[in-house]
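What follows is calculated from the coordinates using simple rules that are stated; it is not laboratory data. Small disclaimer: the values here were computed from a predicted structure and weren't measured. Don't worry about glycine lacking a Cβ; one is built from the backbone with ideal geometry, like all the others, and counts go over all protein chains shown.
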Amino acid sequence: MQNLELVKATINAIPLSSLHLDSYNYYVVHELINMFTTLSDITIDAGEKGIFVFSFSNPTFGTPKYSPKECILRNLNYSIPISAEVELTKQGEHILKERVKLCDFPIMIGSVIDPFFPKISVSQKIKQGLDPFDVGGYFIIDGVERFVVAIEELVSNKVLVAGERAQVFSYTGGYRAPHSLNFTKDNHLVLSFGRFKSLPIVALFKILGIESDKEIIQLIDNPMMYINFQDAPKNREEAIEMIGNKAHIPKTNRRQDVLNFIHSGLLPHIGREESANKEKALYLAHMANIYYKDPKYRVDKDFIGNKELLLVGEQLKSLMNIAFNVLARDISRYFASIRTRKREWNLATIVNFESMNTYIYNALRTGAWPNGTKGVTHLLEKKNALQQLTLLRQINSNLDMDVATDEARHIHGSHVGRICIVDTPEDSKVGLTKQAAIFAITAMPVPEQKKKVEQILKEQGAKHYNFSSNIFAEKNLVFYDTIPIMTCDNIDALKSKLRDLRRQGIIDYHYQIYSKDKNLFIEAIKGMLIRALIVVNNGKSMYTKEIAAKVKKEEIKWFDLVSKGIIEYIGADEENEAFVAFSEDELTKDHTHLEINPTSVMGVAANMLPLANHSDAPRLGKSVKEVKGSAAGIYSSNFFNTYDVNKHVLNYLQKPLVRTAYHDLFEKSLLMGGQNLVVAFVEGGSNMEDALIFNKASIERGVGRSIFLTHKEVIEKKYANGLSEKIQIPAEDVKGKSDTIYYSKLEGDGIIKVGETISRNNILVGKVAPPRFMSGYFNVEGYLSLWDTSISSNDFVDYNIDDILVTFNDGLEKIVKIRMYYDCIPEIGDKFSLREGQKGVISAIVPENDMPFSEKGIIPDVLFNPHGVPSRMTYAQLLSGILAKYAILTGKLQEASAFDVFDEAEIAKELEKQGFDGDGNEVMYNPRTGEKFKVKIFLVPLLYQRLEHLVSRKMQVRTTGPRTLLTRQPTEGKASAGGLKFGEMEKDALLAHGATTVLDSLFDIDSIKIPVSNQYLAPYFDYQTRTVKGISRQEKTSFVEIPFVLNTVINYLRAMGISPLLKSETDYSSVKSKEEK
């Protein structure tokens, strides 16, 4: 593999979970604590009693109350308390000052404020029951592991021209403020933002302090700009009056209100103080110049440089801002309710931390943010060892699946090295749900370097803009983090100098430096994807063999290479000015950079597929889906200490004979599932391409054997009315109690014991519950009995009870967790898959003496239908099999990463030297006749993965069961013990077969008796008084038996105002006479 030691150094230096960890750490270190002091004080007007002010200072972190393991077992939140000094003043006079807890901030596992995960050794993690291979990057909410999904959206603070308007999403403080610049019908340029619509751009310039028309013309160099001076305000005061009229601002305090709105609402990312007006004017001019250049131009929204990722840090920022505002609201309400009472002040009571906690954890628990965003957090599934990493690097588009265009789903040229070109779903989310490429990271702002960069710019001749000069400044502005700060005469020289300083480590590697429209941009935009490349100088790679040797010996670390200018991180905009070679053989003097390895175009899961470049692209998508989600293995090394739901664990794991270089670089790959099986490519009598025939003896030896783990959880809930549930064996007088036999395996405390085997409907935990909506003082037990709410097994398989945990949550509610499992022995219908995407179903299990055998006596474990290879175009499957055979004969595991080159002739010679055909074919014999097959059979070892699709999990049978109340049809779904609905088409099928007796019995079960009048009216039966109503005394009614479905149709028609009239041939005078007859 090209530059293997460099790939290893990269992964060791930057964790693959760094996308969210870096964002979370940046928010915690640079923004979270400052939030409580930078947000405005809480001011309460108490009328005659004066004005009270709550101010916050010196916020600090506490220590977590519980460890991550304890939080998972007890259904708690893994969090850290934040407290601050809160001072209450009245009319500026100090009243009280206390340190008060503000909230419990959620801790991300592996972050800088996690005192448990990153600080202890591997041996200590094992002793504490933790997974030493855990990569972190997730939260523990109510004992459940949840993660924040990266959301891709249009970049903030950059000008994007889209058809008839130029727009900017000005982002600051967790909020995005859209600004739109467009032409009016008379070609005037107007800006809209917030509550302000169609504000003349000249008026805005005047308010921002650019009152001279000459200065405005210098800023915007376009003849069409002169039209905007018609009827334009002459000075700042007239501009304020004009905008105040357009925005309907009252005249009482119009001037100050307009200025406040402009300062806070116009381009807030530049600043919200009056001192930022000059920069805002420059940015507005920059925006107008881009729009004037080509008003009909449409920016490429799929270009990755015009996108950014909304990561966990930004999501938490917006959530915490909203939660703090809720705290301020609750403080105002509570203070208003107690200010007239004569009692001592208690700030801990007034500043209630539950106000923020409720908003924070409801959002994290449900994924619904208070600002309306949904699907922010998801359950962290761990079906196998690889899925956690892929979920933490998943990127979801903010586009709706129903309206997203084909262009938004296609691979874009700028995706190379930043977005995986393989890993995307096959359903309606194709191209919208993506994976970050393996070496891609996100840029993070470097606020501590701002002064250093400004000093460097001054030293290199850059100057602050002089509005009185005659230079068209738009042509040579210098932007720092999207904000115009200086001008420069020679942009190219300055750009080259800044890049040299970045390669020397003087400027941080997160900055991308590029020029566009004669302007220079120095950006470290939060959430922008950047990637690492090797620097090339005069056609030669800066990464020499001598340096490679030192990297291999770990004498030089990854960031040493970055600081020495050998490795460089660049963004998509800067890469537009670069020329990147895929391999060192392609280098010319025009090239500026070299790929670390061609596999950089793929993500984590795709790089686990050997020989990926030899398979069809759609088939690779299926392979990735199975490798990262469906294949059974060991999902976590501490699974025996956890209580997880629906986990599939393979009993006997084997190292792949053929694997990629990344297999050894991921610690968790040791837990990835698979078994090396001998496969014969021969048709076994089935015409199904995905039919597999398994050797029965192989299964008996352990091939494909696994266990299915799940757990049941019972909580002894306490209700607000003082009542509570009880975990116990229900007494005889408890309502809804099942037969005694179902409780036979419970112990005295009402909980099943470890080691028991349970079947369907066996009770696991006995529990009784009172009526929930009775008042606390009402003697419920004297009037109403308790109800049986015991928990039973509803699966069609027999489970073994593996472990039981009894604990309590924060509310002192008793929790019982039961871990169960059953053995999964491969059977007909189970699914297996190769890493090359060849998914197959066991169609037969054949005794060993009926399996074909080779000339050397080798009996295959699996017979594979050879017709599946050309139709699915999986050439990698054949090449992988030959390499695996070569690995067995030489005793060396084979590395086969994507784009690696192999000497197939040398491999064939080695196979022939060992007495085998060089192409993998062998002579085989018919087991029943002993005759030699007429053709040689391709016989090779391949790594088969057992998938989660098990017949035992999907099998469902019922003879009777629950029905829906509305239609009396069987319920749907296995979890509800559902069955098949019997509708119109099913009825016609039985009629066609003449099965009238079956049809009659089906309708007889779902029948109902309704009253019918002899006068064609519509009577109805009152079930409370047991009488027929809706008729006169002279009318006679009779009861007829009809299918329940017909009764439902009649009721639907009556609800629409259509009353079907039914008449019976036999009349009865009353319900009583009908019953007597």
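Each Cα pair under 8 Å and six or more residues apart adds its sequence gap; the mean of these over the residue count of region 511-564 is a relative contact order of 16 percent.
Counting only residues at least eight positions apart within a chain, or on another chain, the aspartates and glutamates with an alpha carbon under 16 Å from that of Lys655 are Asp664, Glu667, Glu895. Counted over region 707-824 with a bin width of 5 Å, the fraction of Cα pairs per bin, in whole percents, is 2, 11, 20, 21, 18, 13, 8, 4, 2, 0, 0. Computed extension gain for Asn253 through Tyr1052, at 0.36 nm per residue and net of the alpha carbon distance, reaches 281.5 nm. Against the compact-protein benchmark of 2.2 N^0.38 Å, the Cα-based radius of gyration of region 160-200 scales to 1.22.
Taking 7 Å along the Cα-to-C-beta vector as the label spot, tell me the Ser180-Asp142 distance in nanometres, rounded to one decimal. Rounded to a tenth, the inter-label distance reads 3.9 nm.
Size of region 643-700 from its Cα atoms: along the principal axes, largest to smallest, the extents are 42, 33, 22 Å.
Considering only beta bridges that DSSP places wholly inside the chain, some 90 percent are antiparallel. An ellipsoid equivalent to the chain, defined through the eigenvalues of its Cα gyration tensor, has semi-axes of 57, 48, 32 Å when rounded to whole angstrom and sorted largest first. Cross-link list Lys647/Lys726; Lys158/Lys293; Lys831/Lys981: which exceed 20 angstrom alpha carbon to alpha carbon? Exceeds cut-off: Lys647/Lys726; Lys831/Lys981. For region 446-524, the Kirkwood hydrodynamic radius from C-alpha pairs, put into Stokes-Einstein at 4 °C and a viscosity of 1.567 mPa s, yields a diffusion coefficient of 103 µm² per second. What translational diffusion coefficient, in µm²/s and rounded to a whole number, does the Stokes-Einstein relation yield for region 177-269 at 10 °C and a viscosity of 1.306 mPa s, taking the hydrodynamic radius as the Kirkwood radius over Cα pairs? Approximately 117 µm²/s, per Stokes-Einstein. Using the Cβ-Cβ distance between Val326 and Ser198 with R0 set to 35 Å, the FRET efficiency from 1/(1 + (r/R0)^6) comes to roughly 0.50. Set against the 2.2 N^0.38 Å expectation for a compact globular protein, region 843-882 has a Cα radius of gyration ratio of 1.41. Here is the link list: Lys717/Lys767; Lys458/Lys495; Lys69/Lys119; Lys383/Lys974; Lys301/Lys434. Which ones come out longer than 19 Å on Cα distance? Where the Cα-Cα span goes over 19 Å, the pairs concerned are Lys383/Lys974.
Available extension along the chain between Thr960 and Asn371 is 207.4 nm, counting 0.36 nm per residue and deducting the alpha carbon span.
Across region 248-382, the mean sequence separation of Cα contacts (distance under 8 Å, 6 or more residues apart), normalised by length, yields a relative contact order of 14 percent.
Across region 371-521, the volume of the C-alpha convex hull divided among the residues equals 201 Å³ per residue. Here is the tail figure for region 44-155: Cα pairs spaced more than 22 Å apart come to 51 percent of all pairs. Residues whose amide H falls under 5 Å from that of Ala162, counting only those 5 or more places apart or on a different chain, are Gln167, Val299, with hydrogens built in the peptide plane. Return the tail of the calculated pair distribution for region 114-163, meaning the percent of Cα-Cα pairs more than 11 Å apart. Cα-Cα pairs in region 114-163 separated by more than 11 Å: 78 percent. Listed by chain and number, the aspartates and glutamates whose alpha-carbon sits under 15 Å from that of Lys718, ignoring those within fewer than 8 places in the same chain, are Asp810, Glu813.
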